[in-house]
């Protein structure tokens, strides 16, 4: 019997993780949420937004403004407890004593989470592009740049989610803390940055701004300062290269730490 | 095929859960791993299955270090550690397929494994609905489905009803005939006596005995039997005169304890004499398990549980 390669084992884990998403109806729940959001947006856009005064990119950017939330939601849904549950719910006693390296488990699960999230994100993009085409009869190339950046953002966000999941033992705690960090901590950091004038180059939600910025023509200036009434607010628009670097950085650093954590973590 | 621990230790802070364990188990047999709660049994098994990392020393399976070459070390090993949980939305067929797919081996033994543990009827049901005992059976099926050469089992009958326990013990006895090496922890001495060929005892993280059940029985035998009769015993002196009998203690008019000198031959001779003398014996059994004697003598009041 030849040893099955670690990469092949990774795909095996991905297959069963994806099957688990289907069986647990998790994928259908997020699908329903995505469809509900898309339908709501569709109605709002047609009823309240007059496409006549907007360029094609301006029109679709209204759709894109919600995309970051959906990406974080997908990451939480599919990755929030992916590793933590192996420890907290004791399924690790079934999985870990197999002849498989821990990184194959981590990356197999990551692959399944990414694929499941991708389905949601692409569905949302499909509706957004369809609606924009119906309204403006054109789709610019920047839309596809934005789409590519959203998939890169998903990689960074999902990797960070997996890092938290590898760290915590309890699934609920892992999901809750990760949600708090995305929905509150990063937003607070971004707000503090506006008041203090310190660029939040370390914030992934700041980097996520490129998804929308890339649709703007011209690309918004990096730093804008608004003053008045004794208050000075600095608006940061992440430059394209910096946004990509932050997202890639988050992906690489989170991935490395998550891999080390799962490799050396014990099932006590 | 063999499993071996070389100076294997696991330390948490200042506390040694396992201290310098040196043990080599080789060949087709079943070895019972005994010890009180907290002695280090599960720690040892977790070190052999990559759930824990040793502080010092090596856990070796078939020549491969579990820590350094996990894929080779665990290639032919089936495991049941603690009471594992399963992905609740998958079925036994899918879970066993997953275990086989991970190893890249044929799934031909899956149905047989499920039949062996009497879960075949439940093969397409989601595991989330299973009871604790059923999950334990499924865990054993998972270990069997991968066609192992070595089985590492941590208290395999935990959470089962008496019938289930008996069935699992029979399965393990059958597996020995298939040439599998079984290393099994338990705190049930009759279970180890019934199922295993050898026994290793551990206490406070240290190995204190490793020998065959036969040798342990010989060393720790009590040379006493408890005999029950259908009618009250009237002439105790008559029994005392039987060759080999050293002492007779009346427990009740129907029950007495016979101490004897010698081995199994004498034990048989005494029973034969009793029957020939017209005593209606309804029960004739060793006072207690030799293993139990060994356990009490070696671990005794040191039981942490």
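The values are calculated or read from the model by the stated rules, or taken from the named source; none is laboratory data. Just so it is clear, the structure is predicted and the values come from calculations on it, not from any experiment. Glycine gets a Cβ as well: all are built from the backbone with ideal geometry, and neighbour counts include every protein chain shown.
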Inset, instruction - Among what's in segment A:249-268 and is touching a residue at least 40 places away in the same chain (Cβ under 8 Å) and farther than 11 Å from residue A:160 by Cα, pick the residue that is farthest from the other protein chains (Cβ to nearest Cβ). - result: A:259
Inset, instruction - Could you check residue B:99 against (1) more than 7 Å from chain A (Cβ to nearest Cβ); (2) modelled with pLDDT of 95 or more; (3) surrounded by 21 or more Cβ atoms within 10 Å (Cβ to Cβ) and say which number it fails? - result: (1)
Legend entry - Index of the failed condition, residue A:27 passing every other in (1) without any contact (Cβ under 8 Å) to a residue 60 or more places away in the chain; (2) within 13 Å of chain B (Cβ to nearest Cβ): (1)
Legend entry - Filter result for residue B:158 (touching a helix residue (DSSP H, G or I) at 6+ places or on another chain (Cβ under 9 Å), assigned to a helix (DSSP H, G or I) and within 14 Å of chain A (Cβ to nearest Cβ)): no
Inset, instruction - Filter segment B:79-93 down to residues that are more than 7 Å from chain A (Cβ to nearest Cβ) and outside any loop (DSSP other than H, G, I, E, B) and give me whichever is farthest from the chain's Cα centre (by Cα). - result: B:93
Inset, instruction - Give the residue that is farthest from the other protein chains (Cβ to nearest Cβ), with candidates limited to residues of segment B:38-52 that are out of contact with any helix residue (DSSP H, G or I) (no Cβ under 7 Å at 6 or more places or on another chain) and assigned to a loop (DSSP other than H, G, I, E, B). - result: B:39
Legend entry - Sole exception among (1) out of contact with any helix residue (DSSP H, G or I) (no Cβ under 8 Å at 6 or more places or on another chain); (2) outside any loop (DSSP other than H, G, I, E, B) for residue B:225, by number: (1)
Legend entry - Top-ranked residue in segment A:47-67 [being under 17 Å from the mean Cα position of the chain (by Cα) and surrounded by 20 or more Cβ atoms within 10 Å (Cβ to Cβ); ranked as farthest from residue A:178 (Cα to Cα)]: A:63
Inset, instruction - Mind telling me which of the residues B:165, B:184, B:201 ends up being outside any loop (DSSP other than H, G, I, E, B), out of contact with any strand residue (DSSP E or B) (no Cβ under 6 Å at 6 or more places or on another chain) and either modelled with pLDDT of 90 or more or in the same structural domain as residue B:38 (by TED's automatic domain parsing) (or both)? - result: B:165
Inset, instruction - Scan A:8, A:14 and give me the residue that is out of contact with any helix residue (DSSP H, G or I) (no Cβ under 8 Å at 6 or more places or on another chain), under 30 Å from residue B:73 (Cα atoms) and within 14 Å of chain B (Cβ to nearest Cβ). - result: A:8
Inset, instruction - Could you tell me whether segment B:20-37 includes any residue that is within 14 Å of chain A (Cβ to nearest Cβ) and not in a strand (DSSP E or B)? - result: no
Legend entry - Yes/no for residue B:175 being out of contact with any helix residue (DSSP H, G or I) (no Cβ under 6 Å at 6 or more places or on another chain), assigned to a helix (DSSP H, G or I) and in contact (Cβ under 8 Å) with a residue 24 or more places away in the chain: yes
Inset, instruction - Considering every residue within segment B:246-260, establish whether at least one is part of a loop (DSSP other than H, G, I, E, B) and surrounded by fewer than 18 Cβ atoms within 10 Å (Cβ to Cβ). - result: yes
Legend entry - Cβ pairs under 7 Å, 6+ apart, first in segment A:117-141 and on the phi < 0 side of the Ramachandran plot, second outside any helix (DSSP H, G or I): A:129/A:139; A:132/A:139; A:133/A:139
